[in-house]
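The structure under discussion appears below in the form of structure tokens.
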Amino acid sequence: MRLVRCFALLLLVWGIPAMTCLGQVNWMTFEEAVEASKKEKKKIFIDVYTDWCGYCKIMDKNTFSDPEVARILNENFYPVKFNAEQREDVEFDGHVFKFVPAGRYHELAASLLNNRLSYPTVVFLTENFEMIQPLPGYRKAEEFHMIVQYIGEDHFRSKTWQEFQATYKSPYARK
């Protein structure tokens, strides 16, 4: 019943997609994020993955589906899913990024990952598409929440990681 009320309220009153109720990330393409940022500035979060990556699938299932993680990603970022082996060109900032068949990778993925093609890797960009941090490897929801809160809520601009960790309040702690 709660789910039905949430769906009806969000869809009918505010026009917000119902998936927000379910703790799902509202994924965009890179191009959609670029367009959205022209209207409203937000940081960009990019999940760089491949179809064959097992840990990418586990991160989708266990980390990105976590309601607390999804909430922060949806509120503070334009969250992007980017397949590092996609074949479609991507035009950005006056450059056309292409698929490189010989290496089975996309030039945009290589650029975002500083030519360290490791999956999964997530990338955080500022509102102006400047690199904040690429972060390689699988992360569980509890650990990942702390990271996206640190960057998503702009703590990284005024505190060191160690200072933030000392004051972080986990939503996963037992009450």
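The values are calculated or read from the model by the stated rules, or taken from the named source; none is laboratory data. These numbers come from a predicted model, not from an experiment. Heads up, the Cβs are rebuilt from the backbone with ideal geometry, glycines too, and the neighbour counts pull from every protein chain shown.
Going through region 144-163 one residue at a time, which ones are in a loop (DSSP other than H, G, I, E, B) and surrounded by 14 or more Cβ atoms within 10 Å (Cβ to Cβ)?
Selection gives Lys159 alone.
Val96 passes all but one of (1) surrounded by 12 or more Cβ atoms within 10 Å (Cβ to Cβ); (2) assigned to a strand (DSSP E or B); (3) over 17 Å from the mean Cα position of the chain (by Cα); which number fails?
Failed condition: (1).
Got at least one residue in region 122-132 being loosely packed, with under 13 Cβ neighbours inside 10 Å, more than 25 Å from Glu40 (Cβ to Cβ) and out of contact with any His (no Cβ under 9 Å at 6 or more places or on another chain)?
Taking every residue of region 122-132 in turn, none turns out to be loosely packed, with under 13 Cβ neighbours inside 10 Å, more than 25 Å from Glu40 (Cβ to Cβ) and out of contact with any His (no Cβ under 9 Å at 6 or more places or on another chain).
Quick check on Leu113: is it under 18 Å from Lys43 (Cβ atoms) and under 18 Å from the mean Cα position of the chain (by Cα)?
yes
Testing Ala141 on (1) of a type in the set (Gly, Ala, Ser); (2) touching a strand residue (DSSP E or B) at 6+ places or on another chain (Cβ under 7 Å); (3) buried (at least 17 other Cβ atoms within 10 Å of the Cβ), one condition comes back false. Which one is that?
(2)
Of the residues that make up region 105-125, is at least one within 30 Å of Tyr172 (Cβ to Cβ), touching a Ser or Thr at 6+ places or on another chain (Cβ under 8 Å) and not in a helix (DSSP H, G or I)?
Yes - at least one qualifying residue is present in region 105-125.
Contact list please: Cβ distance under 8 Å, first residue in region 94-114 and without any contact (Cβ under 8 Å) to a residue 24 or more places away in the chain and farther than 18 Å from Lys81 by Cα, second residue in a helix (DSSP H, G or I) and of a type in the set (Gly, Ala, Ser), pairs at least six apart or on different chains.
Every condition considered, the pairs that remain are Val100/Ala110.
Listed here are the residues, each with its yes/no results for (1) in contact with a strand residue (DSSP E or B) (Cβ under 6 Å, 6 or more places away or on another chain); (2) closer than 27 Å to Glu153 by Cβ; (3) at pLDDT 95 or above.
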site	(1), (2), (3)
Leu73	yes, yes, yes
Pro79	yes, yes, yes
Glu85	no, no, yes
Ala110	no, no, yes
Leu113	yes, yes, yes
Leu117	yes, no, yes
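Suppose we keep only residues that are β-branched (Val, Ile, Thr) and within 12 Å of Phe129 (Cα to Cα) within region 26-63. Which one would you say is farthest from the chain's Cα centre (by Cα)?
In this case the residue turns out to be Val34.
So is Gln149 at pLDDT below 95 and not aliphatic (A, V, I, L, M) or not?
So Gln149 fails the test.
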